[in-house]
């Protein structure tokens, strides 16, 4: 496993460059970029079709920087200077525990104040440069595809919050034992929590800008599947605990072409330090699982990337708004329901059944997806914005 990009570079090229970049976080960033790219492509296509239209934004020009603007810039500058000057002066510590440094009270107060003053002054000067004798009020035309970065940011923030909430609901004992770590750490994210909260936030944002909910949902569907697949690659590369149940079964003969680690894997050097010590290993990540398990993140990555190509290939053939997103929900639910059968997860009793949180949500998504494919009509009220 490669908990950090430095570990990957060292293994592949034999060079040791200490970088404060976690493999999972790096893959998550790539996932968001891929989702943004596919979303922009789909929004542009729908604009050309006449499905999505421009809207008017009222803009005020010539106003000086407000106190809130200057304070916000200074506050951002303080955090940057406070943290990153400390990180530069304590680089080894920052590389070894990037998350711990960023989420702690450690920092350099002089660096914080210095960068705060610089950024606050720069914001003030920018406002003075653009200041006009009289304010100018203009109506500016914008198109949905111009909001892709805003949509991605909204989805990322709401998705991370939702992923943390759902994870903690599923792991209440960990929350009670160490609430600060459970709430603030970058580990422990539930995909479906991110999907649900991210979707709600994006639809709300879209409706504020008069973008039909179903058209917007359809535009996000392929990218969501691709982003989930690449995100799961991050889980596999880092070994973050999202693996399967113990698999001591011999590899079937019809899978003889498959590498042994793709059938049963002990996740050496996993990022969460789970298992037993690796003989002769030195460093921060020197553990491996006692018993090899199914590498379910790998299976999900392959499945979801293939399903992305399915959605991408049929997107132009499905013309009724909401149908493509319904297909995404159905395929997503089926994929997750299947993988849950060999995946490690907390279980609870529901109406006499022993299930996981993901199985329940997957079942709901399958029902919603199938219902959407059957019942959504071209003139559905769900897609109206006014």
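The values are calculated or read from the model by the stated rules, or taken from the named source; none is laboratory data. Remember, it's a predicted structure, so these values are computed and weren't measured experimentally. Cβ coordinates were reconstructed from backbone atoms using ideal geometry, including for glycine residues, and neighbour counts include every protein chain displayed.
Can you tell which of 87, 116 is under 26 Å from the mean Cα position of the chain (by Cα), assigned to a helix (DSSP H, G or I), crowded, with 19+ Cβ neighbours inside 10 Å and in contact (Cβ under 8 Å) with a residue 40 or more places away in the chain?
The match here is 87.
Taking the criterion of being touching a strand residue (DSSP E or B) at 6+ places or on another chain (Cβ under 6 Å) and touching a residue at least 24 places away in the same chain (Cβ under 8 Å), would at least one residue in segment 296-315 satisfy it? Checked against the condition, which is being touching a strand residue (DSSP E or B) at 6+ places or on another chain (Cβ under 6 Å) and touching a residue at least 24 places away in the same chain (Cβ under 8 Å), segment 296-315 yields at least one hit.
Among the residues of segment 45-65, the ones that are without any contact (Cβ under 8 Å) to a residue 12 or more places away in the chain and under 30 Å from residue 133 (Cβ atoms) come to 0 in all. Once segment 226-245 is narrowed to residues that are in a loop (DSSP other than H, G, I, E, B) and modelled with pLDDT of 90 or more, the residue that is surrounded by the fewest Cβ atoms within 10 Å (Cβ to Cβ) is 245.
Among the residues here, residue 326 does not qualify as over 30 Å from residue 95 (Cα atoms), at pLDDT 95 or above, more than 24 Å from the chain's Cα centre (by Cα) and surrounded by 17 or more Cβ atoms within 10 Å (Cβ to Cβ). Among the residues in segment 127-148, are any under 30 Å from residue 213 (Cβ atoms), free of Cβ contacts under 8 Å to residues at least 60 places away in the same chain and assigned to a helix (DSSP H, G or I)? Yes. Residue 74 meets the conditions (1) touching a helix residue (DSSP H, G or I) at 6+ places or on another chain (Cβ under 6 Å); (2) surrounded by fewer than 20 Cβ atoms within 10 Å (Cβ to Cβ); (3) in a helix (DSSP H, G or I) in every case but one. The failed one is (2). If the condition is being over 15 Å from the mean Cα position of the chain (by Cα), surrounded by fewer than 17 Cβ atoms within 10 Å (Cβ to Cβ) and part of a helix (DSSP H, G or I), then segment 10-40 contributes 10, 11, 12, 13.
Of the residues in segment 322-365, how many are over 18 Å from residue 244 (Cβ atoms), without any contact (Cβ under 8 Å) to a residue 24 or more places away in the chain and part of a helix (DSSP H, G or I)? Don't jump to the end; show me each part of the working.
First pass over segment 322-365, keeping only residues over 18 Å from residue 244 (Cβ atoms): 322-333, 348-353, 360-361, 363-365.
Imposing the further condition that a residue be without any contact (Cβ under 8 Å) to a residue 24 or more places away in the chain reduces the set to 348-353, 360.
Subset that is part of a helix (DSSP H, G or I): 360.
Residues in segment 322-365 being over 18 Å from residue 244 (Cβ atoms), without any contact (Cβ under 8 Å) to a residue 24 or more places away in the chain and part of a helix (DSSP H, G or I): 1 in total.
State whether the residues of segment 149-158 include one that is buried (at least 18 other Cβ atoms within 10 Å of the Cβ), at pLDDT 85 or above and either closer than 24 Å to residue 3 by Cα or in contact with a strand residue (DSSP E or B) (Cβ under 7 Å, 6 or more places away or on another chain) (or both). Looking through segment 149-158, at least one residue is buried (at least 18 other Cβ atoms within 10 Å of the Cβ), at pLDDT 85 or above and either closer than 24 Å to residue 3 by Cα or in contact with a strand residue (DSSP E or B) (Cβ under 7 Å, 6 or more places away or on another chain) (or both).
Residues in segment 256-292 that are part of a loop (DSSP other than H, G, I, E, B), more than 22 Å from residue 22 (Cβ to Cβ) and under 25 Å from the mean Cα position of the chain (by Cα): none.
The helices (runs of 4 or more DSSP H) located wholly in segment 160-225 that include 3 or more residues which are modelled with pLDDT under 90 and under 30 Å from residue 316 (Cβ atoms) occupy 191-208.
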